[in-house]
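Heads up, the thing below is written out as structure tokens.
The values are calculated or read from the model by the stated rules, or taken from the named source; none is laboratory data. Note that this is a predicted model, so its numbers are computed, not measured. Positions of Cβ are generated from backbone atoms using ideal geometry, with glycine treated the same way; all protein chains shown enter the neighbour counts. What goes into the accessible areas is simple: the full protein's heavy atoms, side chains included, and nothing from ligands, DNA or RNA. Shrake-Rupley method; radii C 1.70, N 1.55, O 1.52, S 1.80 Å.
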Amino acid sequence: MHTTTSIKKPSIVYSSYLVGGDILPWDGPMANVYSNIFFSTNPEGESKPTLIGSVPDMHEKSSIDALNAAVQAFSRGQGLWPTMKVKDRIACVEKFASQMKQKREIIIELLMWEIGKNKADATKEFDRTVEYIYDTINAYKMLDRKSAKFDKEGAIHAHIRRGPLGVVLCLGPYNYPLNETFCLLIPALIMGNTTIFKPAKLGVLLITPLLDAFKDCFPAGVVNILFGRGRNIAAPIMRTGKVDVLALIGHSSSAVALQDQHPHKNRLRLILGLEAKNPAIILPDADLNHAVSECISGTLSYNGQRCTALKILYVHESIKDDFLKKFSEAVDNLKYGLPWEDGSFLTPLPEPQKPTYLKNLIDDAVSKGASIMNQKGGELSKNYCYPAVLYPVDTTMDLFHEEQFGPVIPVVSFSDIEQPLNDMANSEYGQQVSLFGKDVKKLGPLIDTLANLVCRVNLNSSCQRGPDVYPFTGRKNSAVGTLSVFDALRSFSIRTFVASKDNEYNNQILNDLLNSDHSNFINTEYLL
Ligand code: G3H
């Protein structure tokens, strides 16, 4: 779909990076950044991606410099940042949040250009991220308040807190290049870790307005930001064995490849958000109009490019005709447009190869007996594939197994509830499910089983991560560790404590410590 623009095309040549507290000039090779929104044609008259900027294409040497800066900032636990008073670390994060808010407009604009996210969702991504930072600050205050005391068990006093783990390598996904990356980075930082962060493969320019704020708000080496390919940057860092935490939201193949590079497996803590194939199960007594509307947002918000998207719909045989008719019509009524146009729900796909990949999934399913149920389904252009509703889909088709991460919707009908339950049990994934129905006699036992197959059962609603205070995790190949505002603080830290036998000699020392400013660990200052 070739289009014209009414907002100004970005042009950002960013030839710097942040290492060791300095924004350094980069004089090596640069990588062009293209938007998959088309405005011009090549000499053959074909639409072509739009050049919107360039960033450093960095390699091993700079990545090792960044690692060394993070290692030095942690300084085997002696660094300024990991030993700082909690309230002082919080002040740095607060300062960062307030500087970040000043970049709202440009970041939202870049989200639209770089990853084709519509304006409403791009705005939500920015605002939700800022809110996440403030919620994290509050959650940390609460956590710290709880540890501002001494426990006593038997004859031993204990002052228990959560301490940082060390050096964290943070890698986020292209579909939430700001939000999901910061949901890793901010808790990692606030808990006293030092970090190396490489933006996702798409959604890179939008990080550049924030480098000054990172430099300004955190001590040298605490945040290091590099640009380039994962294999050139992340792999050499992992090979050193000096990374304590790999925090990655993306594909399990990248997570496995990076873990494999690390020579000391038990040193490495993993915090991973990976693939999912969340099903919707629509029971005979479901409110059909409601189920259709939730399945539209569940399958097609941001063109289905969400790890939480509904990626397969199981509809009871007795209502499948009605469901397919209503759902297919609703899909064909969705508005396609440029991200900044009013009411655009469907928008260009940011990955150049994606339309062809989706078309292949559709062709494979059709060749094995599925039909495209909606009129516009599968209409193809260079940067889009109109959402296709495919029915009946079965286990012989690639679409049944693959995480399509795009606008293609497989529908399966069932007469026996064991069928979706067995498929879920056999699946490699186990993140969430949406369950539509009303009869508690049916719902009750089903919920009991589903809760053991996934980590969130959404009753009569689509799957989603938020509200961010709720646990976000998955079974099997869908996640390692749990994120939420509170859980992330735990994931990026470890309990560590000072124990002392209850005797006059020790008690005097503890009292002296508490009444002095000599330790930031042993204190019972309450954070308000
Ligand atoms: O891509 C996965 C995201 O965590 C999904 O978040 O459910 O808020 O879109 P969301």
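If you check ARG239, ARG306, ARG231, ARG269 for being more than 16 Å from the ligand (Cβ to nearest atom) and in contact (Cβ under 8 Å) with a residue 60 or more places away in the chain, only one passes: ARG269.
Selection of segment 62-91 for residues being in contact (Cβ under 8 Å) with a residue 12 or more places away in the chain, assigned to a helix (DSSP H, G or I) and of a type in the set (D, E, K, R) yields ASP65, LYS87, ARG89. Screening the candidates GLN419, GLN464 for the property of being over 23 Å from ILE296 (Cβ atoms) and open to solvent by 50 Å² or more (accessible area, probe 1.4 Å) yields one hit, GLN419. Residues that are touching a helix residue (DSSP H, G or I) at 6+ places or on another chain (Cβ under 9 Å), part of a loop (DSSP other than H, G, I, E, B) and within 14 Å of the ligand (Cβ to nearest atom) within segment 471-480 comprise PRO471, THR473, SER478, listed in sequence order. Once segment 325-336 is narrowed to residues that are under 9 Å from ASN374 (Cα atoms) and of a type outside the set (Gly, Ala, Ser), the residue that is surrounded by the most Cβ atoms within 10 Å (Cβ to Cβ) is PHE327. Whether a residue is under 19 Å from GLN404 (Cβ atoms), away from the ligand (no atom under 16 Å from the Cβ) and not charged (D, E, K, R) was assessed, and THR347 does not pass this test. Residues that are in contact with a Cys (Cβ under 7 Å, 6 or more places away or on another chain), on the phi < 0 side of the Ramachandran plot and either in a loop (DSSP other than H, G, I, E, B) or surrounded by fewer than 21 Cβ atoms within 10 Å (Cβ to Cβ) (or both) within segment 350-398 comprise just one, LYS359. Residues that are under 23 Å from HIS290 (Cα atoms), part of a helix (DSSP H, G or I) and not β-branched (Val, Ile, Thr) within segment 430-470 comprise LYS441, LYS442, LEU443, GLY444, PRO445, LEU446, LEU450, listed in sequence order. Scanning segment 158-205 for residues that are part of a helix (DSSP H, G or I) and among the β-branched types (Val, Ile, Thr) returns THR181, ILE186, ILE190.
TYR132 fulfils the conditions (1) open to solvent by 10 Å² or more (accessible area, probe 1.4 Å); (2) in contact (Cβ under 8 Å) with a residue 60 or more places away in the chain except for a single criterion, (1).
Residues are listed down the side, and each one gets a yes or a no for (1) of a type in the set (Asp, Glu); (2) in contact with a Leu (Cβ under 9 Å, 6 or more places away or on another chain); (3) within 23 Å of ARG475 (Cβ to Cβ):
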{"residue": "ASN175", "(1), (2), (3)": "no, yes, yes"}
{"residue": "CYS183", "(1), (2), (3)": "no, yes, yes"}
{"residue": "MET191", "(1), (2), (3)": "no, yes, no"}
{"residue": "THR208", "(1), (2), (3)": "no, yes, no"}
{"residue": "ASN232", "(1), (2), (3)": "no, no, no"}
{"residue": "PRO279", "(1), (2), (3)": "no, yes, yes"}
{"residue": "ILE282", "(1), (2), (3)": "no, yes, yes"}
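Considering only segment 53-60, I want to know if a residue exists there that is at negative phi, of a type in the set (Val, Ile, Thr) and in a loop (DSSP other than H, G, I, E, B). No, segment 53-60 contains no residue that is at negative phi, of a type in the set (Val, Ile, Thr) and in a loop (DSSP other than H, G, I, E, B). Among residues of segment 104-115 that are in contact (Cβ under 8 Å) with a residue 60 or more places away in the chain, those with a beta-carbon under 7 Å from a residue that is open to solvent by 10 Å² or more (accessible area, probe 1.4 Å) and aromatic (Phe, Trp, Tyr) at least six positions away or on a different chain give the pairs MET112/TRP340; ILE115/TYR174.
Here SER35 qualifies as buried (at least 18 other Cβ atoms within 10 Å of the Cβ) and either at pLDDT below 95 or closer than 16 Å to PRO350 by Cα (or both). Scanning segment 422-461 for residues that are out of contact with any helix residue (DSSP H, G or I) (no Cβ under 8 Å at 6 or more places or on another chain), within 16 Å of the ligand (Cβ to nearest atom) and open to solvent by 30 Å² or more (accessible area, probe 1.4 Å) returns TYR429, CYS455, ARG456. Would you check if there is a residue in segment 492-512 being open to solvent by less than 60 Å² (accessible area, probe 1.4 Å), within 16 Å of the ligand (Cβ to nearest atom), in contact with a strand residue (DSSP E or B) (Cβ under 6 Å, 6 or more places away or on another chain) and in contact (Cβ under 8 Å) with a residue 40 or more places away in the chain? Taking every residue of segment 492-512 in turn, none turns out to be open to solvent by less than 60 Å² (accessible area, probe 1.4 Å), within 16 Å of the ligand (Cβ to nearest atom), in contact with a strand residue (DSSP E or B) (Cβ under 6 Å, 6 or more places away or on another chain) and in contact (Cβ under 8 Å) with a residue 40 or more places away in the chain.
The C-beta contact set for segment 34-45 (first residue assigned to a loop (DSSP other than H, G, I, E, B), second residue open to solvent by 50 Å² or more (accessible area, probe 1.4 Å), distance under 6 angstrom, 6+ apart or interchain) comprises ASN42/LYS48.
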